[in-house]
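Worksheet for the structure shown next.
The values are calculated or read from the model by the stated rules, or taken from the named source; none is laboratory data. A quick note: this is a predicted structure, and the numbers were derived from the prediction, not measured. Here the Cβ is made from the backbone with ideal geometry for all residues, glycine too, and neighbour counts use every protein chain on show. All accessible areas refer to the heavy atoms of the entire protein, side chains included, with ligands and DNA or RNA removed. Shrake-Rupley method; radii C 1.70, N 1.55, O 1.52, S 1.80 Å.
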Amino acid sequence: MPREKYQTLTEQMFYILVCLQVEQCGMDIMEKVALMTDGRVSIGPGTLYHLLENFVQAGMICETKVEGRRRSYLITEQGKKALDEEYQRIQRVILDYEYYGVEQIEAIGESGGKEREKSKIQAGKLSVI
Amino acid sequence: MEDHLAKMARKGWALEKVGALFWKYRRIEPQELEFSVTYYPEASVYDPGPTESQRRLYDICEEMGWNFVGEWWQMQIFSRPIAATAEGGCQAEEVSRTPLETDPQVKLANIQRTMKRSGGSGNLVSLLMIPLFLMMMFLRKSMMDRLTDAYTLFALAEYVILAAYALTNLAFYGVWYRKAKLAADRGEELPPVNGAYRTLGRIYIVISIASMFLWGRYFGKAMYYIVGGLVLVACLISTFAGEQLRLGMKKRGVARETNRKVTMISIGVMSLITTTLMTAVLIFGVTHHWFREGPQPTEYTTYAKNGSSWTWDVYHDELPLEVEDFMETEYEHYSKERRENNESILAHYAAFRQNGFPDGEDPAELEYEILDTKLWYDTCVQDMIEEETRFREDDVFRTDGIDPLAKRLNAKTVYQLHRSDGPRPIYLICWTKDHGGRDRIVRIEFSWEPTEDQLALAGERLLNAEL
């Protein structure tokens, strides 16, 4: 099933938005993402440019200042919401991974997934969006 | 492209400018350079310069050591020196070795947008030309005209080849895109373009050139070289002039849309002018017998009773059948003309005429047409019948009474034209492989009533005449 644009973020998109919780320019984003992920995630300048342009058009970040050829960006409320939704999605994935062992998988359908959902919300591990 | 540019850099050539027809290189010290391409779908060859957004791209890339080299349509080409990465290098060094594009999904999305904006439309235009040419073909009145029109058939053949190339291009892209989408979804690098795609381009050029030579021999020697040369020169002039105009406006900072409209209009006007000039040259050439393959005509002036005079062209072509084959004649001013000669791979049509002039002598005259066709034989017979009978309602071709002649000529059918006042000395003789040994249709018109022996002689000569 195709996903809506920005419904799930790639790692590169995710880390760019994380970085832009603080005003940053392009080069700094690339360096910080590499440091944050110990080099696991790298963003090429071409990719960074296209993603920044797309985020600006989608209203998820905004350009804050231009100093010579350096442009700085900052995440918007919409961008923060997208980041938070991605965080929630990742949390769900982690919880599902932690919960579902062999027995649980075989038991699917008997008690229904909704019970587990309730218990997770009650345990405060998952917030209702 | 990246590999090719890297190879050129190793040999000491750096890309300086990308043109419509040629790429310009300049001499440098041979060096190891890495090239990479990113797609900028909004780019246009009509932009006066890089847009604000493009400059942002160049700035970001330059911060990471990638230098902008040039652009080819929507492709933005960058290069950087290749340097060995030190072991245990710091993150900053790792960042500086990062490829230009690291997200295959973003790259693929840009390629797809680029194809939608420009790549697909060029291919679709080629496909749309086919119905246009088919329409031109079918606007012609008769099947005989369609089969013998080497120029239109050649153009149609070239566009069929071009359409096949365009369709294959689109198919190749479709196959590549599916593979690339799967790779991008898995986070893998996009697959390289299939080498067969480049081979396809070369095959298309070879087939196209072979087709030109195949059809070109039907154009007539002089016409082939002159018209072919004129067309080539006209295309080169239009392309070159259009390109210079576009570049001139680009340098002056003319806005993209204005540049595009002016360039398109100019190319249209230049094409119209060159086509008009070419047509004028051709018409002038035809009326002055430039393209005749036989001897040049001489002139003969006749005088009417009222004192007016007419000057006529008198032709001296070799005819397969002449009045002199039937009778002795002392007329000295016969014009013997091969009036038409249209040939293609599919059919060959020739028309001949031996006629006198209004000089009071009233000599015997002869006119005949020969059509050799491998296809649509019956349709061609019908077309020749209709061509003859369409001007008068009482004209009709009949076969009654001349079966013995058909047998004598070993023809499948012989028709004679009848009018309300009786039969005319105009015959249509139809031979096939089974009757006569070849698929040939002949229309012959005598200015006198021929005897059966004369008809048999005419049939025998025209059946065996080499066109």
Q: Confirm whether B:Tyr25 is more than 25 Å from A:Gly44 (Cβ to Cβ), away from chain A (no Cβ under 14 Å), among the hydroxyl-bearing types (Ser, Thr, Tyr) and in contact with a strand residue (DSSP E or B) (Cβ under 6 Å, 6 or more places away or on another chain).
A: yes
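Given the criteria touching an Asp or Glu at 6+ places or on another chain (Cβ under 7 Å) and either at pLDDT below 90 or among the acidic types (Asp, Glu) (or both), does B:Asp403 qualify?
Answer is no for this residue.
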Within the stretch B:4-22, the count of residues that are in contact (Cβ under 8 Å) with a residue 24 or more places away in the chain and not small (Gly, Ala, Ser) comes to 6
With criteria (1) within 12 Å of chain A (Cβ to nearest Cβ); (2) within 40 Å of the chain's Cα centre (by Cα); (3) surrounded by fewer than 17 Cβ atoms within 10 Å (Cβ to Cβ), B:Pro48 comes up short on (1)
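What residue, among those in the stretch A:20-41 that are part of a loop (DSSP other than H, G, I, E, B) and out of contact with any Asp or Glu (no Cβ under 7 Å at 6 or more places or on another chain), is farthest from the other protein chains (Cβ to nearest Cβ)? Before you say what the answer is, go through the steps one by one.
The first filter runs over the stretch A:20-41 and keeps only residues part of a loop (DSSP other than H, G, I, E, B), leaving A:20-23, A:37-41.
When the remaining residues are screened for being out of contact with any Asp or Glu (no Cβ under 7 Å at 6 or more places or on another chain), the result is A:20-23, A:37-38, A:40.
Numbers: A:Leu20: 15, A:Gln21: 20, A:Val22: 18, A:Glu23: 16, A:Thr37: 10, A:Asp38: 8, A:Arg40: 11 Å.
Filtering first and then ranking leaves A:Gln21.
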| message | Tell me yes or no: at least one residue of the stretch B:405-428 is closer than 23 Å to B:Leu346 by Cβ, touching a His at 6+ places or on another chain (Cβ under 7 Å) and of a type in the set (D, E, K, R). | response | yes
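For residues in the stretch B:309-361 being of a type in the set (Asp, Glu) and more than 20 Å from B:His289 (Cα to Cα), which is surrounded by the most Cβ atoms within 10 Å (Cβ to Cβ)?
Taking the stretch B:309-361 first, the residues of a type in the set (Asp, Glu) are B:313, B:317-318, B:322, B:324-325, B:328, B:330, B:332, B:337, B:340, B:343, B:359, B:361.
Subsequent filtering for residues that are more than 20 Å from B:His289 (Cα to Cα) retains B:322, B:324-325, B:328, B:330, B:332, B:359, B:361.
Working: B:Glu322: 15, B:Glu324: 15, B:Asp325: 13, B:Glu328: 6, B:Glu330: 6, B:Glu332: 10, B:Asp359: 17, B:Glu361: 13.
That would be B:Asp359.
Residue by residue, here is whether (1) in a loop (DSSP other than H, G, I, E, B); (2) within 22 Å of B:Arg117 (Cα to Cα); (3) out of contact with any Lys or Arg (no Cβ under 7 Å at 6 or more places or on another chain) holds:
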| site | (1), (2), (3) |
| --- | --- |
| B:Leu15 | no, no, yes |
| B:Phe35 | no, no, yes |
| B:Asp47 | yes, yes, no |
| B:Arg56 | no, yes, no |
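Can you go through B:Arg146, B:Arg198, B:Arg202 and tell me which one is of a type in the set (Lys, Arg), under 30 Å from B:Thr379 (Cα atoms) and more than 14 Å from chain A (Cβ to nearest Cβ)?
Working: B:Arg198 fails: under 30 Å from B:Thr379 (Cα atoms); B:Arg202 fails: under 30 Å from B:Thr379 (Cα atoms).
Result: B:Arg146 is the single residue among B:Arg146, B:Arg198, B:Arg202 that is of a type in the set (Lys, Arg), under 30 Å from B:Thr379 (Cα atoms) and more than 14 Å from chain A (Cβ to nearest Cβ).
Could you pull out the residue among A:Thr47, A:Thr64 that is over 15 Å from the mean Cα position of the chain (by Cα), farther than 24 Å from B:Asn110 by Cβ and open to solvent by less than 80 Å² (accessible area, probe 1.4 Å)? Break it down into steps so the answer makes sense when it comes.
On the way: A:Thr47 fails: farther than 24 Å from B:Asn110 by Cβ.
Unique residue meeting the criteria: A:Thr64.
Given the residues B:Tyr40, B:Tyr58, which is the only one that is open to solvent by less than 20 Å² (accessible area, probe 1.4 Å) and either within 14 Å of chain A (Cβ to nearest Cβ) or out of contact with any helix residue (DSSP H, G or I) (no Cβ under 8 Å at 6 or more places or on another chain) (or both)? Can you show your working first?
Values: B:Tyr58 fails: open to solvent by less than 20 Å² (accessible area, probe 1.4 Å).
It is B:Tyr40.
Among the residues of the stretch B:421-438, are any part of a helix (DSSP H, G or I) and either out of contact with any Lys or Arg (no Cβ under 9 Å at 6 or more places or on another chain) or without any contact (Cβ under 8 Å) to a residue 12 or more places away in the chain (or both)?
Of the residues in the stretch B:421-438, the ones part of a helix (DSSP H, G or I) are none.
Within the stretch B:421-438 (the criterion being part of a helix (DSSP H, G or I) and either out of contact with any Lys or Arg (no Cβ under 9 Å at 6 or more places or on another chain) or without any contact (Cβ under 8 Å) to a residue 12 or more places away in the chain (or both)), the answer is no, since none of the residues qualifies.
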Of those in the stretch B:162-186 that are more than 26 Å from B:Leu128 (Cβ to Cβ) and exposed (fewer than 12 other Cβ atoms within 10 Å of the Cβ), the residue modelled with the highest pLDDT is B:Leu182
In the stretch B:66-93, residues that are assigned to a loop (DSSP other than H, G, I, E, B), of a type in the set (S, T, N, Q) and either open to solvent by 30 Å² or more (accessible area, probe 1.4 Å) or modelled with pLDDT of 90 or more (or both) total 1
